[in-house]
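Notes follow the structure.
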Protein chains: 2
Amino acid sequence: MRAEIISVGTELLLGQIVNTNAQYLSRKLGELGIDVFFISCVGDNESRLIDALNTATRRAEIIIITGGLGPTMDDITKETVGNLLKLPFSLHQESLERIENYFYRVGRKMQSSNRKQAEFPEGAIILQNDMGTAPGCIIENEDKIYILLPGPPRELGPMFEAKAIPYLQKNNKGTLVSKVLRLIGIGESTAEELVKDILIEQSNPTVAPLAGDGEVSFRITAKSESKDKCMDMISEAEGKLRSRLGKFIYGTDDDNIEIVVSRILLQKGIKIVTAESCTGGMVANMLTDNPGVSCAFNSGYIAYSNAAKNRILGISDEGLAKYGAVSDWSAREMALAALKASDADVAVSTTGYAGPEGENVGLVYIGVTDGFRTIVKEVRLIGERKRIKNLAAKYALNEVRLFIMGK
Amino acid sequence: MRAEIISVGTELLLGQIVNTNAQYLSRKLGELGIDVFFISCVGDNESRLIDALNTATRRAEIIIITGGLGPTMDDITKETVGNLLKLPFSLHQESLERIENYFYRVGRKMQSSNRKQAEFPEGAIILQNDMGTAPGCIIENEDKIYILLPGPPRELGPMFEAKAIPYLQKNNKGTLVSKVLRLIGIGESTAEELVKDILIEQSNPTVAPLAGDGEVSFRITAKSESKDKCMDMISEAEGKLRSRLGKFIYGTDDDNIEIVVSRILLQKGIKIVTAESCTGGMVANMLTDNPGVSCAFNSGYIAYSNAAKNRILGISDEGLAKYGAVSDWSAREMALAALKASDADVAVSTTGYAGPEGENVGLVYIGVTDGFRTIVKEVRLIGERKRIKNLAAKYALNEVRLFIMGK
């Protein structure tokens with residue numbers, strides 16, 4: 001079964017809101033094994049909505065339309081679909097009572113315009129709205145299914161979940177399951193080169209590379225008659241990828257590097273202290289995005305200038321003059337000094353050039369130490385200032401992960 | 001002129017990412033006075049991309065296609081557009097050199113697959129990519145304009161801004177100018193209530209409230225035959241808004257609170273030190289997003305636990321036991337201690353409950369001191385953990401602004 005999503009609303013075309021409904025629905029439809037081949041957005045305009053509906057009807061069996069079910073003159077979705085399919089409208093008494101009841105409950109007066117929200121094309125299956133006034137509906141016409149849902153995400157989600165999914169499950173066979181492997185420390189093209197043959201030979205499950213935010217991911221997607229079967233298929237493909245890319249893989253699915261590192265620290269009962277120069281507090285900020293991290297992280301230093309490195313961490317002015325603030329030596333000294341000043345078991349440091357100006361923009365040294373063993377990693381990062389800070393912080397956390405895992 | 005946006009990428013149809021590019025482009029095109037009537041998303045699939053291209057070509061004069069310009073086999077946008085328009089491809093030497101140079105700079109090996117990124121349909125205007133390897137391009141064909149942009153937002157934005165906007169401005173008549181006023185410390189509905197009559201009576205320029213990320217903004221948009229005329233119209237509306245909302249307005253347009261505070265600190269030659277608990281490094285991280293801030297910010301402390309507040313900043317255990325780590329007293333002591341330990345002129349501190357659990361989630365104290373005058377501000381913030389951290393950091397910087405401006 002192929003689905004197409006049409007999001008209706010001029011605010012989308014003006015860029016006033018981002019289309020999170022389309023993302024939500026795509027993900028849910030994927031989980032149901034329904035392919036989404038197109039998503040489109042159109043404004044609150046009858047002729048253009050008809051164009052979008054005709055285009056979708058030509059390309060898909062299931063057409064999901066979100067938005068435009070409100071009481072105002074701008075809201076034309078139900079009327080336009082009904083007219084296009086040449087269906088007469090009639091009042092749905094139960095819906096009218098629910099809407100009247102809704103206004104009674106919130107203590108507001110129902111406007112006459114709300115009455116049209118209770119009128120539906122003949123034969124429609126009504127989807128009641130537990131979160132607002134606009135009911136949705138399903139219209140089966142020839143071999144096509146039209147599902148009309150309200151625009152506000154907090155109304156759309158519960159309605160889709162409770163009413164549309166059971167309907168779609170009855171009409172569909174097969175399941176789609178995905179798993180994402182997350183990598184740090186390798187570029188997209190290099191990663192792809194290492195597994196090129198796997199990418200080419202795989203058709204089910206498919207393996208697709210994704211790049212974003214300084215990371216590379218591979219998405220494995222399996223389609224079969226059951227979830228268990230999908231999981232087995234994914235597991236086999238994952239094994240192949242791990243045998244080639246294992247050391248770069250830090251997590252899966254919704255993991256990010258700060259969650260993974262916090263989890264490792266908490267599991268192993270290790271406390272960490274941060275000593276940041278070029279990342280300016282970002283490593284600490286990322287760690288503290290995790291609730292409960294306070295058992296593993298309780299203090300950090302930001303030593304942005306040479307003077308601060310000396311005053312806060314006691315890094316010697318002579319050494320800074322000799323080796324430079326951005327150096328293997330400096331990263332090592334910063335990590336050791338922070339460890340000494342704190343009650344932590346491990347320290348991580350960053351020092352580098354975040355830019356935008358200068359010859360060595362992107363050169364960053366990351367130090368990790370537990371007092372016995374100290375490593376310093378030199379990395380070269382590309383991009384504008386915020387990206388270099390962000391990447392340096394991620395790479396630093398990844399070095400902590402590798403250090404602790406003893407790799 | 002009518003534009004249509006086509007976003008290419010299977011990850012969009014699987015709901016793995018949300019289509020922020022479409023929002024960004026719609027907003028920018030609106031500012032240029034170019035109408036966007038349709039947005040569509042399609043996967044990395046040739047026949048379906050052709051369908052989307054044909055549909056868009058029928059409906060719009062400008063077709064903007066994002067994504068699918070990478071080096072991998074999945075990336076087929078440029079090839080598909082070129083083939084559809086029956087244009088031969090040739091190698092663009094300058095682009096090849098830029099890509100080779102990019103790999104040289106990051107110290108990685110260029111893969112042979114990257115070479116196709118330097119091949120373009122005949123007659124294309126090449127848009128160089130300063131943030132990655134994939135160049136974009138503009139293809140003028142009959143009376144249609146095709147603009148191909150890379151998918152990663154951090155590459156798309158700068159390229160659109162620097163290369164595509166000047167091109168589009170030459171091709172478009174009538175001017176639309178916008179100005180955004182940025183507020184902190186007031187809610188959307190309260191702000192709107194204060195200027196309700198202005199919002200209703202304005203038609204050109206329009207005044208529209210926008211909320212996002214804990215801030216409220218008002219966008220003033222004027223349309224006329226010249227830029228100067230637009231500026232005059234905006235200036236009049238801005239005056240009206242400032243007379244009512246002045247004290248909440250911290251900046252305009254692309255300002256953010258960290259840029260504004262850094263600017264004030266640098267202009268006045270004031271050095272700041274940070275002492276953060278609940279914001280966990282975020283205040284320092286925001287400040288150091290600005291290049292050149294090192295003259296105004298050189299060190300910061302993150303004291304996440306009571307023990308760390310005592311050890312790093314010398315906050316007395318007795319006081320912490322008596323008043324609590326989240327208190328007016330604690331914020332005051334943290335700011336004073338950080339000021340004393342540093343060579344800074346002003347100190348800012350944060351302490352609060354970021355959540356997600358506990359009775360007082362969102363309660364945050366912000367301290368600012370110059371050693372002579374100390375203020376502590378209590379704020380109550382709503383939302384999940386990351387949002388509370390983010391808001392607390394912004395409010396803290398805003399308190400620094402108000403403190404220095406002597407308000």
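A few remarks follow.
- A Förster radius of 35 Å, combined with the Cβ-Cβ distance separating B:Ile165 from B:Arg244, puts the computed FRET efficiency at roughly 0.60.
- Computing FRET efficiency as 1/(1 + (r/R0)^6) for B:Thr20 and B:Glu61, where r is the C-beta to C-beta distance and R0 is 22 Å, gives about 0.35.
- Report note on the peptides B:179-185, A:361-367, B:96-102: ranked by the mean count of other C-beta atoms within 10 Å, highest first, their order is A:361-367, B:179-185, B:96-102.
- Annotation: aspartates and glutamates with alpha-carbon distance below 14 angstrom to B:Lys322 (same-chain offsets under eight excluded): B:Glu333.
- Loop-resident trypsin sites (Lys or Arg not before Pro) (DSSP state other than H, G, I, E or B) in the stretch A:335-395 with no more than 10 further Cβ atoms inside 10 Å of their Cβ: A:Arg373.
- Sequence-separation-based contact order of chain B, relative, with Cα cut under 8 Å and 6+ spacing, percent: 10
- Across the stretch A:305-407, the relative contact order, built from alpha-carbon pairs under 8 Å that are at least six residues apart, equals 21 percent.
- Kirkwood hydrodynamic radius of chain A, from inverse mean 1/r over distinct Cα pairs, in Å: 25.0
- Shortest-first nm distances, A:Ala321 label point to equivalent points in other copies (7 Å, Cα→Cβ): 4.7
- The stretch A:110-199: GluC sites (Glu not before Pro) falling in loop per DSSP and having at most 10 other Cβ within 10 Å: A:Glu142
- Alpha carbon centroid spacing (whole Å) that separates the stretch A:132-160 from the stretch A:226-246: 36
- Among beta bridges identified by DSSP and lying wholly in chain A, the antiparallel ones come to about 60 percent.
- Antiparallel bridges, percent of DSSP beta bridges restricted to the stretch B:2-171 (to nearest 5): 40
- Cα gyration tensor shape of the stretch A:2-171, rounded if a/c is under 1.5, else prolate or oblate by comparing a/b with b/c: rounded
- Each other copy places its own label point for A:Lys170 at 6.0 nm from this one, sorted shortest first, where the point lies 7 Å along the Cα-to-beta carbon line.
- Using alpha-carbon coordinates, inclination of helix B:46-59 to the longest axis of chain B, degrees: 90
- Backbone geometry of the stretch A:227-232 corresponds, through the Karplus equation with coefficients 6.51, -1.76 and 1.60 at θ = phi - 60°, to 3J(HN,Hα) couplings of 5, 4, 4, 4, 4, 4 Hz, x marking Gly and Pro.
- Within a straight-line Cα-Cα reach of under 24 Å, B:Lys28 can be paired with the following lysines, leaving aside sequence neighbours fewer than 8 residues apart in one chain: A:Lys386, B:Lys78, B:Lys144, B:Lys163, B:Lys170, B:Lys173, B:Lys179, B:Lys223, B:Lys227, B:Lys229.
- Annotation: extensible slack from B:Asp317 through B:Glu193 equals 40.0 nm (criterion: 0.36 nm per residue apart, minus Cα-Cα distance).
- Per-copy distances of the A:Asp74 label point, shortest first, in nm (7 angstrom along Cα→Cβ): 3.5
- In order along the stretch B:323-340, the Karplus-derived 3J(HN,Hα) couplings, from 6.51 cos²θ - 1.76 cosθ + 1.60 at θ = phi - 60°, round to 9, x, 5, 9, 7, 3, 4, 5, 4, 5, 5, 4, 5, 5, 5, 5, 4, 5 Hz, and Gly and Pro are given as x.
- Phi angles across the stretch A:14-22 convert, under the Karplus curve 6.51 cos²θ - 1.76 cosθ + 1.60 with θ = phi - 60°, into 3J(HN,Hα) values of 8, x, 6, 9, 9, 7, 6, 4, 5 Hz, Gly and Pro given as x.
- Antiparallel content of DSSP bridges confined to the stretch A:258-405, in %, to 5: 55
- The stretch A:291-332 versus the stretch A:2-32: alpha-carbon centroid distance in Å: 47
- With coordinates expressed along the principal axes, the C-alpha atoms belonging to the stretch A:305-350 extend over 29, 20, 14 Å, beginning with the largest.
- Alpha-carbon spread of the protein assembly as shown, three principal axes, descending order, Å: 82, 63, 57
- Cβ-to-Cβ counts within 10 Å put A:Asp51, B:Asp343 in ascending order as B:Asp343, A:Asp51, the fewest first.
- Relative contact order [Cα under 8 Å, 6+ residues apart], the stretch B:81-227, whole percent: 16
Each value in this text was obtained by applying a stated rule to the coordinates, not by laboratory testing. For clarity, every value in this text was computed on a predicted model and none was experimentally measured. Counting neighbours? That spans all protein chains shown, and the Cβs are built from the backbone with ideal geometry, glycine included.
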